[in-house]
1. If I filter the stretch B:115-154 down to residues being over 22 Å from B:Val82 (Cα atoms) and small (Gly, Ala, Ser), which single residue comes out as nearest to the other protein chains (Cβ to nearest Cβ)?
2. Give the residues of the stretch A:214-251 that are closer than 19 Å to A:Gly464 by Cα, of a type in the set (Asp, Glu) and touching a residue at least 24 places away in the same chain (Cβ under 8 Å), sorted by residue number.
3. Among A:Lys110, A:Lys61, which is part of a strand (DSSP E or B) and touching a residue at least 40 places away in the same chain (Cβ under 8 Å)?
4. Quick check: is even one residue across the stretch B:277-292 surrounded by fewer than 19 Cβ atoms within 10 Å (Cβ to Cβ), under 23 Å from B:Lys184 (Cα atoms) and either of a type outside the set (D, E, K, R) or touching a helix residue (DSSP H, G or I) at 6+ places or on another chain (Cβ under 7 Å) (or both)?
5. Which members of the stretch A:157-171 meet the condition of being touching a residue at least 24 places away in the same chain (Cβ under 8 Å) and part of a helix (DSSP H, G or I)?
6. Restricting to the stretch C:152-175, count the residues that are facing another protein chain (nearest Cβ under 10 Å), of a type outside the set (Val, Ile, Thr) and either within 14 Å of C:Ile233 (Cβ to Cβ) or outside any loop (DSSP other than H, G, I, E, B) (or both).
7. Could you look through the stretch A:284-332, keep only residues that are within 14 Å of another protein chain (Cβ to nearest Cβ), surrounded by 18 or more Cβ atoms within 10 Å (Cβ to Cβ) and not hydrophobic (A, V, I, L, M, F, W, C), and pick out the one that is farthest from A:Tyr421 (Cα to Cα)?
Amino acid sequence: MRVFYRKRVKLKKNNRDQHNDAQHLKPLYSDLEQNLEMLHMLYDDCSDVVFRSFLIAGKTKAQLIYIKGMANIEEMDSNVLTPLMNNAEYSAINAKSLIEQKLSVAEVTKLESFNACIEQLSIGNPILLLENEQQGYALGLAKWEKRSIEEPTGELVVRGPREGFTETVEVNTSLLRRKIRSPQLKMKSLKLGRYTQTTIILAYIEDLANETLLEEMTQRLSRIDIDGILESGYIEELIQDHSYSPFPQVLITERPDTAVSSLLEGRVVLIIDGTPFALIAPTTFFALFQSAEDHYHNFMISTATRWLRYLFCLISLLLPSLYVAIITYHQEMVPTTLLLTMIDSREVVPFPALIEALLMEITFEGLREAGLRLPKQVGAAVSIVGALVIGQAAVDAGLVSDHMVMVVAITGIASFTVPRYNLAIPIRMLRFPIMLLAGTFGLVGIMTGLLAIMTHLSTLRSFGVPYLTPIAPMKGKDMKDTLIRAPLWKLNTRPHFTGDYNEYRQAADQKPDFDKGGEE
Amino acid sequence: MKRSIAICFICMAIMLLTGCWDRRETNDLAIITGVALDKTEEGLIELTVEIHSPGGSGNRSEMGGDSGGGKNKTILQTGKGVSLADAMEDLDEKLSRQMLWSHAEAIVISKAFAETGIRDELDFFVRHPEPRLRSYIFISDGKAKEIIALRPSLERSSSEVLIKLAESEVLMKVTLFDLMEMLKGESGTSVLPMVAKSPREQGKAVLETVSYINRSAVLKQGKMIGSINDQLTRGVLWFRNEIKESIVTVKPEEADGYISMDILKGRTVLIPEMDGHRLKMTVKIEMIDDVIQNQTDWNLKELEKLQMLEAALAQKIEQRLTDTLEIVQKELKADIVGFADEFRRKYPEKWKKEKADWEERFATVEVTFDIEAEVLRTGRGSAPQ
Amino acid sequence: MIEKGKISALQMGILMYHAILATGILFIPASVYDAAKQDIWLSPIWASPVGFLCIFIAYKLNKLYPEDTIIQYSQRILGTFLGKTLGLILLLMLVTSLSVMFWQYGEFVVSEFLPHTPKFVIIGMMILLCASAVHGGLEVVGRLAGMVFPIFFLLFLVIIVLLLPDIEIKRMLPIMENGMMPSLKGSLVLYTWFAQFGIVYFFLPFLTNREKAMKFGMLSVLVVMLTLVLTNIVVIWIFGNVTENFNAPFMSASRYISIAEFLSHLESLVMAIWIAGTFIKLCAFYYTVVLGTAEWLNLSDYRPLVLPLGLVIGVFSLKAFLNSSEAAEHFEIVSKGFMDTLVYGLAIPMLLLLAAYIRKLIVRHKGESEK
């Protein structure tokens, strides 16, 4: 089976290579007409590609090719066409001097193959082909409509920078570069996707990122052979360690500051063209509970909020199950007075508690999903209708008990305290099997479910790093930024992933203590 | 992977198709809040349970309206049998729902029942996984069923009244666990609070009255042999170091009225001593009080007066303890004051000999008192009114 | 080596802690009380030397054969045939022991929480759960142990703190009413628990920092002893002479908790930590059985054995005892100190160590005489 699979892969690879070779790995001809013929053939039926032929100083034939809407037409007019066409003194047919003297364009790249031409065209750069030249020139005049830098909506902070990544890879790299000025910030570029040819930037800091991690990452990326990459999710799914796991093994972020702090911890960041989401690897379970602003606020407050998140994560996972287990199996745990009111409110409910809980939870999940998809104007109305009207009406109609509505509401709120959406989702999902276990075995079932999740989590790894580091395996040093958020002057070491690493990230003993020294 | 999916699927199927063996929906439960045990004339055990009746049926808003009024929402059901378990089965037949014992926090046993012995039936409550070890146990003066059938106006049910009474700790508070411990103790005696109905006020329905604790029952080897009144009960509480709340009213010798004091803190230490064949016990008491009423013309700010008051207080307590001891040692011959355990702890070797005829020996224990009373504050107004 | 993963000495210590204590915390107080009465808290102290000895012997053996588990070095010491036979005996004992543990788990859950649920479902669920962890290898088991430990310990302490209002120190008096004997007799029961430390010989070869194995092994025994002392002392402070009325006094004690009316009946908390701890314990023993079998059969991987052995153990554990009186008889024998754990935890390793030294002596002697 496996052998067969390998063969098939090889076969495919051959196909792809032929496809590449045949078409456009050829060098440019020196004859302009031939070049044009080739390009026309490649861009047959592409109405958005413009071929503009002109004469340089009325003598030499030249061709300007660009894609509509991706090139800056005004600049082309004033900086390319005008100087070239109006140049009466032009005599020497020397492309090099022509470009040096006349073209007032900052970025000019030499092109020697059709492949390069296509690549430049697809980015939006116009290309200039001259007669009797075996080279073309790509002019850095690409300009297309892009979204301006906005505040990332998925990861809001109270305190911290408000800029987020955009869909344009250049903007994103510039955001990183603006934060890390050191030339040790490396950004390797590669292209993935047979048709989309998406740019992917592998960013890391030299000496901080582990060599083997880099190798592993490059190797995994190079294995990808797919039609197109539309979003970081494509990459994520193709490079993660364990496919059959609901838990995210790669961190995604829209925030440059999160990306930078990960870079500084020795992680690797992948920026993918066409999406504002960058991937960060390796990641651990507990890193997913950290919000960017944890390090911006006072450490005591951050520690408290972090624990609040852990607590509410548990609530969001367990509360409905606990309710079901207690009300159907362990009534003795409830204080008498509370039990009596619970019983009074449940008396008219026709369903078993498990069905009641499932019903409400599924409705709530549906409501949440609907809230995401609904147009903004209707969204608010629906959530109010859903929350208030359905809840109250269900209680009045005797379908569910008051307590159940409360449980569902708290669970719903709790699931939003997890700062990462891609972690909140599996937790929400796992709630249901645990609810079934609770309905069948009570607390024993819940415990079994929890242990199963824990077992699964301990088998996971993200790029070789155990998913539950630093709790299991225990790494005492790294707990200072997991269980608590230690004060900044205590966070002297980087988290350790695998192998050797650059341990210290700051000078020791920086606790502000103004009695120690200072003025005189 | 396919295999693990199959395993998951099978597990789910097993769970969903066969599952929920032990599920008990609240709609199918009868919550027992109180239990009464009686003996019928034929010698059968009569088990009466107080069950919370869920008032949720139908009209909810109406229910919310008068929930503050302390509306009684309990029903009673009785079963009979040769043993408690047998009676329970009889009860089960009469109930449409499954019984939940875990919230039965008040257990009332009738005097007649207690006189024949409670040890055997107590076994049920200990063995059954549901009843709480913290359930309070009471002995009723008359029929236990009558106590639990009362419909109090302040609380939701009569068992709640009993629980609150026990928790106030004015007199004895004995939980199931305490009773077990007492039954297993060296002396084999136990003491339980006794409840009685307060007389009916005019114009009220027969059941609209409350129960209250006024005496304590004394049991020997699980059988009730007598009872002591509230004053003596407090004395016993002093010995057992269980005094929590007590108002002591004294009349100092030279004063023209009474002064009442409230106990803030009382601590008793029993110091046993075996001197050859003689048994001695020193009762050391430290108490801190607070004046709450002063009928005399004394100015309690005067140190001299305060010391006289303290002396009077100590004397009063000593008097009360002596009275208690008189009854307990001579009349009941029941060591409900916990001397046996003290002797065992201090003289484990010698105790083995004494244990056999402790009932006789207990009466011969010479008790000396060492009472230290302190009046901490004299209330807000210090001068006589 | 079959096992690729490694654990740290600390993880090993924690794993052993759970492997010993998980079930003990519930049953030990009651079973020791029969003999030791109010001195039950002394018994763990008398019994702990067995644990220290087990660790010491396993460590010494590991020093001689650092890369091998007991199944492998028994063949090196005693020769292939005798070694294999000893290995088989050892494995059979471990399987029996593990089956009894599963039975105990099922029996307790069924009797205490889910009286109408068929036992095979409870045991089957646990076996599947353990199998998934064991399939992940020693690393996963070690990590799980490391994760469960803080929760276990924290909840344990929380329960003890919540019990503080109810304690009455007088109840443990008089200390040593009948001399040392009762508590020593009580410690007999505990030998079986402490002897289980022997299975550490399956973990020692896979340590990242083997030089610390001794330290953490001993620490583990010490912490087990302290936890047991603490449990027993709290139980006796709470229940005194009533202790014997309960099967699982610590559970009943947590049931007795009542703080501000709301925090009451916390036995579910105890049950939660107990299930988590038992899970680790079962995983540890399950792993040793699987690894041992694979090594005994000279397989290159132990993973294919996980589910088949799970099935065998499941069947064994369901049929372990016909009824509760048979089980009671079994545990009665256990309480007198005769138990398979003593054989596989202490006797066999001791024998092997002795044989290894004699062998060494002979070899040296030969070497000298040849000279």
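1. Among those residues, the one meeting the criterion is B:Ser135.
2. Scanning the stretch A:214-251 gives A:Glu216, A:Glu236, A:Asp241.
3. A:Lys61
4. Within the stretch B:277-292, none of the residues are surrounded by fewer than 19 Cβ atoms within 10 Å (Cβ to Cβ), under 23 Å from B:Lys184 (Cα atoms) and either of a type outside the set (D, E, K, R) or touching a helix residue (DSSP H, G or I) at 6+ places or on another chain (Cβ under 7 Å) (or both).
5. A:Val169, A:Val171
6. 6
7. Residue satisfying both the conditions and the ranking: A:Glu332.
Each row is one residue, and each column tells you yes or no for (1) in a helix (DSSP H, G or I); (2) more than 12 Å from every other protein chain (Cβ to nearest Cβ); (3) acidic (Asp, Glu).
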| residue | (1), (2), (3) |
| --- | --- |
| A:Arg431 | yes, yes, no |
| A:Thr440 | yes, no, no |
| A:Thr448 | yes, no, no |
| A:Met454 | yes, no, no |
| A:Ala472 | no, no, no |
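The values are calculated or read from the model by the stated rules, or taken from the named source; none is laboratory data. The shown structure was predicted, so the numbers you read here are calculated from the model rather than taken from an experiment. Reconstructed Cβ throughout: ideal geometry from the backbone, glycine too, with neighbour counts over all protein chains shown.
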